[in-house]
1. For THR162, are the conditions met, namely being outside the structural domain of TRP96 (by TED's automatic domain parsing), in contact with a Phe, Trp or Tyr (Cβ under 8 Å, 6 or more places away or on another chain), closer than 19 Å to HIS140 by Cβ and not in a loop (DSSP other than H, G, I, E, B)?
2. Inside region 235-270, can you point out the residues that are in contact with a Ser or Thr (Cβ under 7 Å, 6 or more places away or on another chain) and more than 24 Å from PHE166 (Cα to Cα)?
3. Please find, among LEU174, LEU197, LEU206, the residue that is among the hydrophobic types (A, V, I, L, M, F, W, C) and over 23 Å from SER97 (Cβ atoms).
4. Here are some residues: GLU233, GLU195. Which one is closer than 23 Å to ARG247 by Cα and among the acidic types (Asp, Glu)?
5. Name the single residue, out of those in region 62-79 being at pLDDT 85 or above and closer than 24 Å to GLY141 by Cα, that is surrounded by the most Cβ atoms within 10 Å (Cβ to Cβ).
6. Filter region 261-270 down to the residues that are surrounded by 15 or more Cβ atoms within 10 Å (Cβ to Cβ) and more than 13 Å from ASN241 (Cβ to Cβ), then identify the one that is farthest from the chain's Cα centre (by Cα).
7. Given the options ILE200, ILE229, ILE179, ILE225, name the one that is closer than 16 Å to ASN260 by Cα and modelled with pLDDT of 95 or more.
8. Would you mind finding the one in LYS182, LYS172 that is in a loop (DSSP other than H, G, I, E, B), under 19 Å from the mean Cα position of the chain (by Cα), surrounded by 14 or more Cβ atoms within 10 Å (Cβ to Cβ) and in contact (Cβ under 8 Å) with a residue 12 or more places away in the chain?
Amino acid sequence: MKKIMIILLTILLLSLTGCSFFTINKAHKLDIPNNIIINDRIIKWDEVKHTNSYRILINNEEIRLNKTQYNLGIPFGIVRIQIRAVSLSSKNNSDWSEVYYYYDSDIIKLTADGFLYEIVDVNDNYYTKYKNDFKEVIIHGYISDNNVVSIPDYIEGIIVTTIAPFAFIRNKYLEEVIIPNKVEYIGKNVFEKCENLTNIILPNSLENILYDTFRYCTSLESIIIPLNIKIVETAFYGCENLTIYCRVKQKPEQWSITWNLIALNKFANTIWGHEG
């Protein structure tokens, strides 16, 4: 009888210990990897407690790792990097780190106020359709914690016409963006998951709004679509509080049938013929 009691007590203690561990483990969200350093194409970071598993996001491609470094190889142009620590339970995963950039400094330059840019011949800019003998600037990224960002009309005296795909993706600081009236092209996923973005001014020069441009910009409550926009694709998914004000009086035929889809079977409140 005494042996049975000892066995039962042992089982009970093990059960309680297991439950306690499970509860603590379940409640613990892993720390974000820090001290991230990029040197000679190798990115390294400090080990995070309670895990040896990480995910690194390279230009929106997610890679699994069981070590605290990664060889970026030989970059062409620009590489955007984010890292998170991963738990057995996805609920305990850390948040993504800030966006880090690694770029070929012979191609990509950095302005004093944080814009990563490239100067190209217009004939080499596959984003825009105009072909002539001029040069123009493509914005590829932004390194700053400013809340309000005004994209310049010119850099080095050359017109800014293009914001490349993913340029501001997951920027947690961004609250307001002003885009000048010379920008013709904004790429896919440019402002995806900019969760604090509340205001953006789109220029009349803009021609298209592409897939996932504002995906999961959860704080964005209103946006004005300029009159000359030719194509709008499904750009606002996840912006569940959004009202869209369109200068045109009705949906143009070229716009996607799901252009204002914000959730499954849910479309944004849309005001046509807006003049304000």
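1. Values: outside the structural domain of TRP96 (by TED's automatic domain parsing): yes; in contact with a Phe, Trp or Tyr (Cβ under 8 Å, 6 or more places away or on another chain): yes; closer than 19 Å to HIS140 by Cβ: yes; not in a loop (DSSP other than H, G, I, E, B): yes.
Spelling it out, THR162 is indeed outside the structural domain of TRP96 (by TED's automatic domain parsing), in contact with a Phe, Trp or Tyr (Cβ under 8 Å, 6 or more places away or on another chain), closer than 19 Å to HIS140 by Cβ and not in a loop (DSSP other than H, G, I, E, B).
2. TYR245, CYS246, ASN269
3. Details: LEU174 fails: over 23 Å from SER97 (Cβ atoms); LEU197 fails: over 23 Å from SER97 (Cβ atoms).
The unique qualifying residue is LEU206.
4. Numbers: GLU195 fails: closer than 23 Å to ARG247 by Cα.
Of the residues listed, the single one that is closer than 23 Å to ARG247 by Cα and among the acidic types (Asp, Glu) is GLU233.
5. Initial filter on region 62-79 (at pLDDT 85 or above): 62-71.
Those left that are additionally closer than 24 Å to GLY141 by Cα: 62-63, 69-71.
Details: GLU62: 10, ILE63: 11, GLN69: 12, TYR70: 19, ASN71: 9.
Across region 62-79, the extreme among qualifying residues is TYR70.
6. Residues of region 261-270 that are surrounded by 15 or more Cβ atoms within 10 Å (Cβ to Cβ), as a first pass: 261-262, 268, 270.
Next cut, more than 13 Å from ASN241 (Cβ to Cβ) only: 261, 270.
Values: LEU261: 19, THR270: 25 Å.
Looking at the filtered set, the residue picked out is THR270.
7. Values: ILE200 fails: closer than 16 Å to ASN260 by Cα; ILE229 fails: modelled with pLDDT of 95 or more; ILE179 fails: closer than 16 Å to ASN260 by Cα.
On inspection, the qualifying residue turns out to be ILE225.
8. Working: LYS182 fails: under 19 Å from the mean Cα position of the chain (by Cα).
Selected residue: LYS172, the only one of LYS182, LYS172 that is in a loop (DSSP other than H, G, I, E, B), under 19 Å from the mean Cα position of the chain (by Cα), surrounded by 14 or more Cβ atoms within 10 Å (Cβ to Cβ) and in contact (Cβ under 8 Å) with a residue 12 or more places away in the chain.
The values are calculated or read from the model by the stated rules, or taken from the named source; none is laboratory data. Small disclaimer: the values here were computed from a predicted structure and weren't measured. Reconstructed Cβ throughout: ideal geometry from the backbone, glycine too, with neighbour counts over all protein chains shown.
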